[in-house]
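Derivation of every value follows stated rules applied to the coordinates shown; laboratory data play no part. Everything numeric in this text was worked out from a predicted model, so none of it was measured. So basically every Cβ, Gly included, is an ideal-geometry build from the backbone, and we count neighbours across all protein chains shown.
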Amino acid sequence: MAHFDRSIAVTLVVPRLRRLRWLPVFAALAAVAVPAAAEAKGSRMRAYDGVWNVVFATTRGNCSSGYSVPFTVIGSRVSSAGGGRVSGSVNRAGAVAVNVSVGASRASGGGRLGGTFGAGSWRGIITGDRCSGTWQATRS
């Protein structure tokens, strides 16, 4: 009987060991494939990372022109680099959408970033006046 119990144990363990011998191969493939995929994804989303100096020009309304606000882009997120609250996003193609608020003034805008330059349009209520215009950005 003892011999019979031992042969059952060997029969159950050996197939598991055969499956486990592929574990290092799968682990090696995963170690190579996962960072490469993450790096490829990261490089697409990080094409616009950095601090962007955005200059606003008013084309409609009684608002001042020439205001400059620094924005930070990290991955797909746009945030303030100082001066007001900024939230927004940028996609892989560089299309950007942003909301800005400073005190009682609020504006939203959209456009496109590419390389070290960007441009678009904005609209909002600045110190009580409804205004709109364009913006241009350069990456520092």
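Laid out as a table, the results:
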{"quantity": "Cβ pairs under 7 Å, 6+ apart, first in the range 84-101 and at positive phi, second not in a strand (DSSP E or B)", "calculated": "GLY94/TYR48"}
{"quantity": "Those residues of the range 118-140 which are surrounded by fewer than 14 Cβ atoms within 10 Å (Cβ to Cβ) and over 18 Å from GLY66 (Cβ atoms), in sequence order", "calculated": "GLY128, ARG130, SER140"}
{"quantity": "Pairs with Cβ under 6 Å, 6+ apart, first in the range 112-123 and under 18 Å from ARG77 (Cβ atoms), second among the aromatic types (Phe, Trp, Tyr)", "calculated": "LEU113/TYR48; GLY120/TRP135"}
